[in-house]
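*Asks:* Before I ask anything, let me first share the structure, which is written out below as structure tokens.
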Amino acid sequence: MNEAEIAQVDVADVPTTFDAGAILLDVREDDEWARGHAPDARHIPMGQVPARLAEIDVDAQVFVICAAGGRSQSVAQYLARNGYSPVNVSGGMFAWAGAGRPIVTDDGGPGVV
């Protein structure tokens, strides 16, 4: 599967809540996650995705997000090669923040990108 086949989605078209059927997978590093992330996101740093693939429901719609969209694109390509139907969030967490979407820290306080 080539890069062009990965669906891209603008933040405006990403759900505001996530459940078993839709996952927001944040593939940024631990320090980036700690500064702030989407409230219902699931965190698996990019380098850990292959080892932790079983944690991602293959039947769910997976929205992959990073800081700006580059790492999430790579992870989305990897997921697609492994039977998933991922969507890359264009602009990443910078676009998420720019759209006024909530950003929290692990303790529930306000976060930053």
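The values are calculated or read from the model by the stated rules, or taken from the named source; none is laboratory data. As the structure is a computational prediction, the values presented were derived from the model and not from experiment. Cβ atoms come from the backbone with ideal geometry, glycine included; neighbour counts cover every protein chain shown. In case anyone asks, the SASA skips ligands and DNA or RNA and just uses the protein heavy atoms, side chains included. Shrake-Rupley method; radii C 1.70, N 1.55, O 1.52, S 1.80 Å.
*Asks:* Note down all Cβ pairs under 8 Å where the first residue falls in region 86-112 and is within 25 Å of ASP57 (Cα to Cα), the second is surrounded by 11 or more Cβ atoms within 10 Å (Cβ to Cβ) and of a type in the set (Lys, Arg), and they're at least six residues apart or on different chains.
*Replies:* From residues that are within 25 Å of ASP57 (Cα to Cα), the pairs are MET93/ARG28; THR105/ARG35.
*Asks:* Just to be sure, is ARG81 surrounded by fewer than 20 Cβ atoms within 10 Å (Cβ to Cβ), at pLDDT 95 or above and closer than 12 Å to VAL14 by Cβ?
*Replies:* When the stated conditions are applied, ARG81 does not pass them.
*Asks:* Further question on the same structure: Of the conditions (1) assigned to a helix (DSSP H, G or I); (2) open to solvent by less than 20 Å² (accessible area, probe 1.4 Å); (3) within 16 Å of ALA7 (Cβ to Cβ); (4) hydrophobic (A, V, I, L, M, F, W, C), TRP96 clears all except one; give me its number.
*Replies:* Unmet for TRP96, out of (1) assigned to a helix (DSSP H, G or I); (2) open to solvent by less than 20 Å² (accessible area, probe 1.4 Å); (3) within 16 Å of ALA7 (Cβ to Cβ); (4) hydrophobic (A, V, I, L, M, F, W, C): (3).
*Asks:* Looking only at region 1-24, filter to residues that are in contact with a Gly (Cβ under 9 Å, 6 or more places away or on another chain) and either surrounded by 14 or more Cβ atoms within 10 Å (Cβ to Cβ) or of a type in the set (Val, Ile, Thr) (or both); which one of those is nearest to VAL58 (Cα to Cα)?
*Replies:* GLN8
*Asks:* Take the residues in region 25-78 that are surrounded by 15 or more Cβ atoms within 10 Å (Cβ to Cβ) and basic (Lys, Arg); name whichever of them is nearest to VAL9 (Cα to Cα).
*Replies:* Looking at residues that are surrounded by 15 or more Cβ atoms within 10 Å (Cβ to Cβ) and basic (Lys, Arg), I get ARG71.
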